[in-house]
Amino acid sequence: MNVLKPEIGEWYRGATNALFEIVAIDDEDQTIEIQYFDGTVEEMDFDAWNELLKDESIEAADAPEDWSGSVDVDSEDLGREFEDNAQPQWSADSSRLSPRLR
């Protein structure tokens, strides 16, 4: 049996080749909360984890290069504001326009 202890923040690859991260471990309830790259969150108990290990259905994996798959990032999370600061390409002094265009 492969010994692979679940650790918060570590990435793993499941039997379906799906990447997931351990986001919480509750020792009291004996559950592990995992979040797949697409953002889906699931919970499994320690026994289910051990069964997957016994079947060699879980392996350690590197974090994805594009970590944003499971992350909802708002502009305030980035520490900067995004505003519509678009400036017109040109502006005209209406006194210089022909009377027909005013």
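The values are calculated or read from the model by the stated rules, or taken from the named source; none is laboratory data. Just so you know, these numbers come straight off a predicted model, no measurement behind them. Neighbour counts run over all protein chains shown; Cβ positions are idealised from the backbone, glycine included.
Details
- Close pairs from segment 7-24: first over 13 Å from L52 (Cβ atoms), partner among the aromatic types (F, W, Y) and part of a loop (DSSP other than H, G, I, E, B), Cβ under 7 Å, at least 6 apart: L19/F37
- Test: D29 is modelled with pLDDT of 90 or more, assigned to a loop (DSSP other than H, G, I, E, B) and exposed (fewer than 12 other Cβ atoms within 10 Å of the Cβ): yes
- All positions within segment 4-16 that are part of a loop (DSSP other than H, G, I, E, B) and within 13 Å of P64 (Cα to Cα): G9, E10
- Subset of segment 32-60 [assigned to a strand (DSSP E or B) and either surrounded by fewer than 16 Cβ atoms within 10 Å (Cβ to Cβ) or of a type in the set (A, V, I, L, M, F, W, C) (or both)]: I32, I34, V41, E42, E43, M44, D45, E59, A60
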